[in-house]
Amino acid sequence: MPDTDLLTLQVDHMGILQRRYEQVLEEQGYDSLLISSGAAPLRYGDDQAWHFQGYGPFLHWTGLTGFEHAWLLIRKGHKPVLSLHQPVDFWHASLELAQEPWLAELEVRFSESQSTPEVPGAGRLAVIGDPRLLAGVPGEHNPGALCAALDETRVHKTAYEIACLAQANKVAVAGHRAARDAFLAGASEFEVSLAYQRATQQREADAPYHSIIGVNEHAGTLHYQYYDTAAPAKSRSLLIDAGVRYRGYCSDVTRTTAGVGEGRFAALVQGLEQWQFRLCDMVAPGVDYLDIHRKTHLGIAALLGSAGLVNGLSDEDMVTEGVTRAFFPHGIGHFLGVQVHDVAGKPVPAPADAPFLRLMRTLEPGMVVTIEPGLYFIPSLLEPVLSGPLERHINRSRIDELQGCGGIRIEDNVVVTDSGHRNLTREAEV
Ligand code: GLY
Ligand code: MN
Ligand code: MN
């Protein structure tokens with residue numbers, strides 16, 4: 001049972017959402033809004049469904065990730081109406097709704113049918129959700145301007161949301177500790193995954209995203225998606241990127257561990273972590289997130305130089321010549337919330353020098369972002385540098401030696417506060 005402070009914050013959260021939603025509906029000219037929780041589709045040609053995790057706006061209000069065919073009706077001046085689908089079904093269990101104070105802020109109904117609830121006197125009605133489930137439902141479906149305005153209501157997290165994100169970090173940190181211990185004891189990727197699941201008490205399918213668990217060269221595949229069941233003869237490195245959902249809210253944490261006797265790789269991990277601290281320290285209101293991304297490249301350049309991987313090139317030249325991009329190809333991070341890559345991060349496209357950056361905004365209090373620099377040995381990205389005009393500056397033998405360690409990523413979840421930031425991941429590690 002969550003503590004009473006959290007439950008009180010949740011009631012405040014509901015009030016804040018009611019005000020934000022009423023304002024958006026007013027501005028966009030709608031009288032009512034129906035939000036679908038969604039439902040898991042069947043696999044093509046099969047009678048088995050994909051694992052379900054609810055639709056963002058529904059989670060924003062309720063945090064209920066497992067309720068399929070549920071609906072939430074929002075109207076000005078009325079309590080929201082939550083309709084939960086509870087069929088008589090001897091094949092499946094129905095989820096229980098914990099009796100918590102936030103439910104008093106809603107009208108809760110139960111329905112045996114999957115159909116849309118009646119909306120008497122709806123006026124101009126908008127309906128948002130997976131279009132597969134909206135056929136025949138009256139109202140305007142997923143109007144673009146309204147959806148964009150609703151996404152914006154998720155950008156500045158309430159105190160309740162930050163408390164949930166903090167707890168999601170706390171649990172994830174326990175998982176990362178167990179994963180690290182398992183790796184250092186010689187575990188396979190699969191066994192590391194089991195250690196993470198056991199420590200977090202979260203089945204893999206309920207995680208906010210598929211855990212990325214790469215041992216040795218697998219750490220160099222950014223979204224490595226398999227688990228070897230056999231441990232390698234020598235465990236040189238572990239990269240684990242894994243999160244937890246707490247009341248719908250996601251953590252997204254990455255840690256990299258060097259194996260015993262991997263001094264050079266361990267020094268790189270330590271060096272990147274020092275930079276990661278500096279990047280987290282940049283998080284504050286008024287800071288352009290793109291500047292943090294660009295600063296990362298200078299940090300990667302400094303690290304490549306000090307580790308003797310690149311010689312005779314200035315940090316600036318390593319950045320402008322694309323050398324740092326070969327080692328750090330992704331963006332520095334993204335918004336975080338009820339979705340791991342939370343919405344509304346890109347009102348403008350990313351520039352050509354940062355094509356994969358998911359967040360193009362100036363930071364404001366209440367935003368929650370990840371800070372996740374990486375340094376990888378990815379053959380397909382390094383080869384053009386190794387065989388290009390800068391070849392003589394690159395220490396190929398050292399790169400060859402480190403290639404078997406795959407790569408490094410260090411990722412924390414950071415809240416923008418009024419005066420700076422709060423690092424939810426590091427505070428959970430204390
Ligand atoms: N876990 C995916 C990411 O870090 O964005
Ligand atoms: Mn991330
Ligand atoms: Mn991640």
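Nothing in this text is a laboratory measurement; each read-out follows from the coordinates by a stated rule. Every value quoted in this text rests on a predicted model; they were computed, and no experiment measured them. When we count neighbours, we look across all protein chains shown, and the Cβ atoms used for this are built from the backbone with ideal geometry, even at glycine.
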Under the 7 Å Cα-to-Cβ spin-label approximation, residue 234 and residue 348 lie apart by a distance in nanometres of 4.9
Given 0.36 nm per residue, what is the gain on full extension from residue 8 to residue 295 after removing their alpha carbon distance, in nm?
99.4 nm
Using modelled backbone amide H atoms (1.01 Å from N, in-plane), which distant-in-sequence or interchain residues come within less than 5 Å of residue 337's amide H?
250, 342
Would you grab the residues whose amide H sits under 5 Å from the one on residue 110? Only those 5+ places off in sequence or on another chain, please, with H modelled 1.01 Å from N.
84
The chain, Gaussian network, Cα under 10 Å: of 234, 157, 346, the residue fluctuating most is 234
Farthest towards the positive end of the dipole of segment 276-324, among 322, 305, 285 and with Cβ unit charges of +1 on Lys and Arg and -1 on Asp and Glu, lies the Cα of 285
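Going from the alpha-carbon gyration tensor of segment 302-430, what semi-axes, largest first and in whole Å, does one get by taking the root of 5 times each eigenvalue?
Result for segment 302-430: semi-axes of 32, 17, 13 Å.
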Per the rule of 0.36 nm per residue minus the C-alpha distance, extending residue 147 to residue 112 adds in nm 9.7 nm
For a quick check, take a GNM of the chain with Cα springs below 10 Å and name the residue from 317, 46, 31 with the largest mean-square fluctuation.
46
Work out the length of the dipole vector of the chain about its Cα centre, built from +1 on the beta-carbon of each Lys and Arg and -1 on the beta-carbon of each Asp and Glu, and round it to the nearest 20 debye.
420
Explain nothing, just compute: Karplus ³J(HN,Hα) = 6.51 cos²θ - 1.76 cosθ + 1.60, θ = phi - 60°, for every residue of segment 112-121 in order, whole Hz, x for Gly and Pro.
7, 9, 8, 6, 5, x, 5, 10, x, x
Taking a crude spin-label model, label points 7 Å out from Cα along the C-beta direction, the residue 226 to residue 302 distance in nm is 3.9
Can you tell me which of 21, 44, 249 moves the most in a GNM of the chain? Springs connect C-alpha atoms under 10 Å apart.
44
With label points built 7 Å along Cα→Cβ from the Cα atoms of residue 43 and residue 130, find their separation and express it in nm.
1.6
